[in-house]
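To keep things clear, I will list the structure first and then write my remarks on it.
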Amino acid sequence: MIALLFDIIGMTGTFLVVGSFFLLQLGKTSPTSLMYNMMNLTGAILLLISLCYNFNLASFVIEIFWIAASLIGLYKYVKNRTALAAKAAN
C-alpha cells in the first residue's frame, strides 16, 4: 500500500513536469510564467518525495537541478514583477 502511495506521488510529479513542457511547446505558457515554474517545482518536489521510497541517484540528482532551475525561474519572475510594480508606482 505504501509503495502505491509513493508511485501516485511520483506519477503526479511526472505529469506536472511533462505537462508543463507540453504546455510550453504548445505555446500555452512561457518559460518565465508563474504557472510553468510552479508546475516544474511542484513536480520535481513530488518526484523527489517518491525517490524516498525507491531511491535512484541519477533521478535524485536531476530533480535537485530541476528544483534549482525552477527556483531561479521563480526568483526572476518575482524580481520582474517587483520591478514592474515599482515602475508603475513612479
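The values are calculated or read from the model by the stated rules, or taken from the named source; none is laboratory data. Note that this is a predicted model, so its numbers are computed, not measured. So basically every Cβ, Gly included, is an ideal-geometry build from the backbone, and we count neighbours across all protein chains shown. Please note that ligands, DNA and RNA were not included when accessible areas were found on the heavy atoms of the full protein model with its side chains. Shrake-Rupley method; radii C 1.70, N 1.55, O 1.52, S 1.80 Å.
Peptide packing for 32-44, 75-87 was compared via the average number of neighbouring C-beta atoms within 10 Å per residue; ordered from the highest value, the list is 32-44, 75-87. When 60, 65, 21 are compared by accessible area of protein heavy atoms, the largest-first order is 65, 21, 60, using a 1.4 Å probe. Couplings for segment 47-62, taken from phi via the Karplus curve 6.51 cos²θ - 1.76 cosθ + 1.60 with θ = phi - 60°, read 5, 5, 4, 5, 6, 5, 8, 10, 5, 9, 4, 4, 5, 4, 5, 5 Hz in order; Gly and Pro are left as x. Take every Cα pair under 8 Å in the chain that's 6+ residues apart, average their separations, divide by the length, and report that relative contact order as a whole percent. Result for the chain is 32 percent.
Take residue 59: with every protein chain present and a 1.4 Å probe, its accessible area is about 40 Å².
In the distance distribution for the chain, Cα-Cα pairs more than 17 Å apart total 54 percent.
Leaving out ligands and nucleic acids, note down the accessible area per residue over the chain with a 1.4 angstrom probe, in whole Å².
70 Å²
Using the Karplus relation 6.51 cos²θ - 1.76 cosθ + 1.60 with θ = phi - 60°, the per-residue 3J(HN,Hα) values for segment 14-25 come to 4, 4, 5, 5, 5, x, 5, 5, 5, 4, 5, 5 Hz, with x marking Gly and Pro.
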